[in-house]
Amino acid sequence: MNHNLTHLHPYPFAKMVTLLANSTPAHSYSEIKLGIGEPKHEPPAFVLDVLHENLDKISHYPTTNGLFELRQTIAHWLEKRFFLHHVDANTQVLPAMGTREAIFSVVQAVINHKKIDIESHSLSGSDQPPTVVMPNPFYQIYEGAALLAQAAPYFVPCTSDDDFKGNYRAVPKDVWMRTQLLFVCSPNNPTGSVMTMDDWEHLIRLSDQYGFIIASDECYSELYFDKAPIGLLQACAALGRNDFHNCLVFHSLSKRSNLPGLRSGFVAGDAKILQAYLQYRTYQGCAMPIPHQLASIAAWQDEKHVAHNRQLYQEKFALWMSELGELLELRMPDAGFYFWIKVPDQFDGDDEVFVKALYEQANIHALAGRYLSREVNGHNPGQGYVRIALVASVEESREAISRIRQLLGT
């Protein structure tokens, strides 16, 4: 077995199962799941219709780079959404079976640990592992992909001191010199913070200076409140970098269109990177089924259902802020569907204690913040926080708020 598998941490939800193994939920209440970021709004019916109408195409092998019509639709969506002059559907876009597999496989494709000399059957290169920089807390795939690519994760804490975005300016020069890949999540999971143009420009300049790739996870980009978040490719275009040099973005229909089970996303950006990555993917074997591709085209071409989706989340966030804003330290996110909540003092600031109380006394599932983070220099930036996903219905949200008020003694 790959010895690097032993370095993988249990997934956060597995840790939650262990934490609650000896707990009994409040049976007088029905279960409300706010721990997993799985959208619960109705998927668009017209997308499901397209899927159903094309089930006969399941008998055909899909190509790795997908239908041109899908790539073209994605290119047009990127151009319109992020004010881009031109995106080449043939060289700058690749469909993916959801962004999880794309994020993971990109790391395997781009990390250069040692070179293989085919003729001598020997390895050459530095014995020091390459570095993958990532925010902390973070989407766990970043770390797992880095470890399995024999790279060393470097964690940038996202705290209230930097608006929960991560202070990349504090990363030492010697770390940047070893860095081959930087992960950015904007809007951030779990904190909901977004990158500004100044933030993007700083990272792009660092990429130019040290030669690393920027991988921007933008899966929550369409769940905003007032202003649409700036994406990495948008920042590139504003700087006149229309080749998107060393920049990749990841997008998905899971959150935007409430289609997590469709497993449909894409990676776009630097054509030189994507050319090699496409070759990697032909061996990996992750090609999106044709019915899924045709359904995806319909989803990317429509914005009405996305606007309605945003409206539902806006209603729920407003409800939580109005009803619990004075009882919990609620911080309105810039985008996304998560609250990153500081644990109330009555639970001694302990996120594990708080989520156990929510489960045992209110039958509400939440996620302990420490499970999304790693301890660095004796500090875990997720400890003392709880992530709550506002994925349940408005009615369930009202019920959850009522139970939490009782839990807090009001």
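Legend: calculated FRET efficiency, Phe68 to Ala238, from the Cβ-Cβ distance at R0 = 45 Å, rounded to 0.05, equals 0.95. Relative to the longest principal axis of the Cα atoms of the chain, the long axis of helix 99-110 lies at roughly 40 degrees. Please report the carbon-and-sulfur percent of the accessible area for segment 306-391; probe 1.4 Å, protein heavy atoms only, DNA, RNA and ligands left out. Accessible surface attributable to carbon and sulfur in segment 306-391 totals 40 percent.
Electrostatic bookkeeping for Lys33 treats Lys and Arg as +1 and Asp and Glu as -1; over the other residues with beta carbon under 13 Å from its beta carbon, the sum is -2.
Between Ser393 and Leu319, the modelled label-to-label distance comes to 1.0 nm, taking each label 7 Å out from Cα in the direction of the beta carbon. Answer rounded, prolate or oblate for segment 324-383, using the Cα gyration tensor with square roots of eigenvalues a ≥ b ≥ c: rounded when a/c is under 1.5, else prolate when a/b is larger than b/c, else oblate. Here segment 324-383 falls in the oblate category.
Placing one equal scatterer on every Cα of segment 213-363 and applying the Debye formula, the log10 ratio I(q)/I(0) at q = 0.12 Å⁻¹ is -0.73.
A simple spin-label model places the labels of Lys304 and Ser23 4.3 nm from each other, with each point 7 Å out along Cα-to-Cβ. Listed by chain and number, the lysines whose C-alpha is less than 30 Å from the C-alpha of Lys33, apart from same-chain residues fewer than 8 away, are Lys15, Lys165, Lys227, Lys255, Lys304, Lys316, Lys342, Lys356. The calculated FRET efficiency for the pair Glu326 and Glu360, based on their C-beta separation and a Förster distance of 22 Å, comes to about 0.35. His7 label point, 7 Å along Cα→Cβ, cut-off 17 Å on backbone N: hits in segment 362-376? Correct set: 374-376. The Cα atoms of segment 225-298 give a gyration tensor whose axes a ≥ b ≥ c have a/c of 1.5 or more with a/b no greater than b/c, which makes the shape oblate. Among the GluC sites (Glu not before Pro) in segment 351-407, those located in a DSSP loop and surrounded by at most 15 other Cβ atoms within 10 Å of their own Cβ are Glu375. Is segment 304-410 rounded, prolate or oblate when judged by the Cα gyration tensor, a ≥ b ≥ c being the square roots of its eigenvalues, rounded requiring a/c under 1.5 and prolate requiring a/b larger than b/c? Oblate shape, in that a/c is at least 1.5 and b/c is the bigger or equal ratio.
Compared with the direct C-alpha span, the chain from Tyr283 to Glu375 gains 29.5 nm at full extension, assuming 0.36 nm per residue.
With a cut-off of 8 Å between alpha carbons and a minimum separation of six or more residues, what is the relative contact order of the chain in percent? The value is 25 percent. In summary, the aspartates and glutamates within cross-link reach of Lys40, defined as a Cα separation below 13 angstrom excluding same-chain residues under 8 places away, comprise Glu395, Glu396. Extension gain, Lys33-Asp226: 0.36 nm per intervening residue step, less the Cα-Cα distance, totals 66.8 nm.
The label point for Gln128 and the one for Asn54, both projected 7 Å from the Cα toward the Cβ, are 4.9 nm apart.
The values are calculated or read from the model by the stated rules, or taken from the named source; none is laboratory data. Just so you know, these numbers come straight off a predicted model, no measurement behind them. No Cβ is skipped: glycine too gets one built from the backbone with ideal geometry, and neighbour counts run over all protein chains shown. Protein only, heavy atoms only, side chains kept; ligands, DNA and RNA dropped before computing areas. Shrake-Rupley method; radii C 1.70, N 1.55, O 1.52, S 1.80 Å.
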